Amino acid sequence: MQILMIGDVIGKVGRAVVARVLPTLKQEREIDFVIANAENAAGGFGLTHKVAEDLFSSGIDALTGGNHSWNKKEIYELLEKEKRVLRPLNYPSGVPGEGFTILRQKTKTLGVINLCGRIYLDPIDCPFKSIEERLDKIREEVPNILVDMHAEATSEKVAMGYFLDGKVSAVIGTHTHVQTADEKILPGGTAYLTDVGMTGPVDSVIGMKKDVALKRFLARLPFRLDAAKGKGQFCAVLIQIDPESGRANRIERIQMEVETDDSDS
Ligand SMILES: [Fe+2]
Ligand SMILES: [Fe+2]
């Protein structure tokens, strides 16, 4: 079973890159399920109904979130209505939406879990305890599981990889927007990568217009950030899972530059 996880899709450029790359890649690599982190997909901050529909029509099966999930008001309604859109599992109880879903494709099934770290991010519930409480029951429902560990600190992501090794098929990091080169299969058979990187504008400060980002660093004032334009990049990771055992047997990083219609604007 082949699973593709796409890193944080940033604004219009990111969506255009997905639309351009994904249909062919899916066919060429015989991909069964595609998951993308979409916390920055609407103008760089949050997710809307329309943007979610755009991404689904490009071939994505489920959208995960993170600390920016809440930036657009309509996410509350979207999370209630659309089971293919997740927010991190470890938000306090009562928060709208789910952090877990099951995708089905003919005879194949895949569980997707979204977690968020707490180091340099909001002090939400402990991601380790939250997944520990739910995982046995989830594993009874679905043996093959991908976890999007959305976190800032490398150590927290690596620790989650080892915490879940042998219990899920893959632990893949998102949020820092720069792809790391540490893909591996952990000893228990879990595919691991600290960060997938972003799918968005190349010439930017992690997806945002660089002049504004620089002004913020230089003046220490909260100038409004905006998603950058120009040439795009596609960052993803392809994981091959043995559906019988749930173990990963291959992990491959993908990073490529992509021209889009938005490249010159
Ligand atoms: Fe992000
Ligand atoms: Fe994030």
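Tabulated values for the structure
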{"read-out": "Per residue Cα convex hull volume in Å³ - calculated over the stretch 149-220", "value": "89 Å³"}
{"read-out": "Inter-site label distance for Tyr76 and Ala219 at 7 Å from Cα along Cβ, in nm", "value": "3.3 nm"}
{"read-out": "Filter on Lys12/Lys73; Lys108/Lys184; Lys167/Lys209; Lys26/Lys229; Lys50/Lys231 - keep pairs with C-alpha separation over 29 Å", "value": "Lys167/Lys209"}
{"read-out": "Total formal charge among the other residues, if their Cβ is under 13 angstrom from that of Pro243, Lys/Arg +1 and Asp/Glu -1", "value": "+1"}
{"read-out": "11 Å beta-carbon shell around Leu110, net charge (K/R +1, D/E -1)", "value": "0"}
{"read-out": "If the convex hull is drawn through the Cα atoms of the stretch 1-68, its volume per residue in Å³", "value": "66 Å³"}
{"read-out": "Of Val168, Leu221, Gly111, farthest towards positive along the dipole that unit charges on Lys, Arg, Asp, Glu beta carbons give the stretch 2-259", "value": "Leu221"}
{"read-out": "Theoretical ellipticity at 222 nm over the chain - DSSP helices of four or more residues, -39500 (n - 2.57) apiece, nearest 500", "value": "-8000 deg cm²/dmol"}
{"read-out": "Within the stretch 48-206, percent of DSSP bridges classed antiparallel, to nearest 5", "value": "35 percent"}
{"read-out": "Surface accessible to a 1.4 Å probe, per residue, for the residues of the chain, Å²", "value": "45 Å²"}
{"read-out": "Loop-resident sites, the stretch 186-249, for trypsin sites (Lys or Arg not before Pro), counting at most 12 other Cβ within 10 Å (DSSP)", "value": "Arg220, Arg224"}
{"read-out": "Loop-located chymotrypsin sites (Phe, Trp or Tyr not before Pro) in the stretch 76-124, at most 16 other Cβ atoms within 10 Å (DSSP)", "value": "Tyr120"}
{"read-out": "Inter-label distance, nm, simple model (7 Å from Cα along the C-beta direction), Glu28/Asp211", "value": "3.6 nm"}
{"read-out": "The stretch 36-168 - Rg and Dmax from Cα coordinates, angstrom", "value": "14.3, 41"}
{"read-out": "The chain: DSSP helices with Cα axial extent of at least 24 Å and average Kyte-Doolittle hydropathy no lower than 0.0", "value": "11-28"}
{"read-out": "Counting DSSP beta bridges with both ends in the stretch 142-252, the antiparallel % (nearest 5)", "value": "55 percent"}
{"read-out": "Calculated SAXS-style log₁₀ I(q)/I(0) at q = 0.07, 0.15, 0.16 Å⁻¹ - the chain, Debye, Cα scatterers", "value": "-0.21, -1.04, -1.19"}
{"read-out": "Charge sum, other residues only, whose C-beta stays under 13 Å from Lys215's C-beta, Lys/Arg counted +1 and Asp/Glu -1", "value": "+3"}
{"read-out": "Cα centroid of the stretch 223-265 to Cα centroid of the stretch 68-84, whole Å", "value": "22 Å"}
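The values are calculated or read from the model by the stated rules, or taken from the named source; none is laboratory data. Predicted model only: the values in this text are computed from it and were never measured. A quick note on method: Cβ atoms are made from the backbone with ideal geometry, for glycine too, and the neighbour counts reach across all protein chains shown. Just so you know, the surface numbers come from the protein's heavy atoms only, side chains and all, with ligands and any DNA or RNA stripped out. Shrake-Rupley method; radii C 1.70, N 1.55, O 1.52, S 1.80 Å.
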